[in-house]
Amino acid sequence: MAGKIEAKLGAMGLELPNAPAPAANYVPFVKAGDLVFVSGQISMDASGLIKGKLGDGMTVEQGQAAAKACALNLLAQVKAACDGDLDRLVRVVKLGGFVNCTADFIDQPKVINGASDLMADLLGAAGTHARAAVGSSSLPLGVAVEIDGIFQVK
């Protein structure tokens, strides 16, 4: 049975994916007190990896969609960390966004807004957060975006 947060996602036309498995030697999340530190989630949806380079054929809007996919994967990890109960999420504390882009691309914050906007739309004030948005010359598997996060849970 879906809780309030997942019901709101459904009303937004979105579905929470299964929590992706780690791709290397790390764990998907670490709980420390009431904080959950979620490892970087790459841009991936039901169709597979969302690959591309901003500033070289990929638009800001496509990058925002990739960031939104990362946000859904982050939330899936939080749900797993909360034993399947996403309603234990209290707030988003911080997101760290990495954008696969050319050296002259300067709109990393606009791209990561795809994730930040989803968190704020879904959770209201509890979805607002501290953030970093940086460019990278490449990301794992050629994905467009990777985002990690810190979340407060109960």
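The values are calculated or read from the model by the stated rules, or taken from the named source; none is laboratory data. A quick note: this is a predicted structure, and the numbers were derived from the prediction, not measured. Counting neighbours? That spans all protein chains shown, and the Cβs are built from the backbone with ideal geometry, glycine included. Just the protein is used for accessible areas: all its heavy atoms, side chains included, with ligands, DNA and RNA removed. Shrake-Rupley method; radii C 1.70, N 1.55, O 1.52, S 1.80 Å.
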Residue match in the stretch 48-60 (condition: farther than 22 Å from Q108 by Cβ and open to solvent by less than 50 Å² (accessible area, probe 1.4 Å)): yes
Can you find even one residue in the stretch 89-112 that is surrounded by fewer than 16 Cβ atoms within 10 Å (Cβ to Cβ), touching a Lys or Arg at 6+ places or on another chain (Cβ under 9 Å) and in a strand (DSSP E or B)? yes
Residues A80, A71: which one is at pLDDT 95 or above and in contact with a Pro (Cβ under 8 Å, 6 or more places away or on another chain)? A80
Looking only at the stretch 138-154, count every residue that is of a type outside the set (G, A, S) and open to solvent by 30 Å² or more (accessible area, probe 1.4 Å) and tell me the total. 7
Could you identify the single residue in A71, A80, A66 that is within 19 Å of A2 (Cβ to Cβ) and either open to solvent by less than 20 Å² (accessible area, probe 1.4 Å) or among the charged types (D, E, K, R) (or both)? A71
Please indicate, with yes or no, whether at least one residue in the stretch 77-85 is part of a helix (DSSP H, G or I) and either touching a Ser or Thr at 6+ places or on another chain (Cβ under 8 Å) or at positive phi (or both). yes
The one condition in (1) under 15 Å from the mean Cα position of the chain (by Cα); (2) within 15 Å of L139 (Cβ to Cβ); (3) open to solvent by less than 70 Å² (accessible area, probe 1.4 Å); (4) not β-branched (V, I, T) that L16 fails to fulfil: (2)
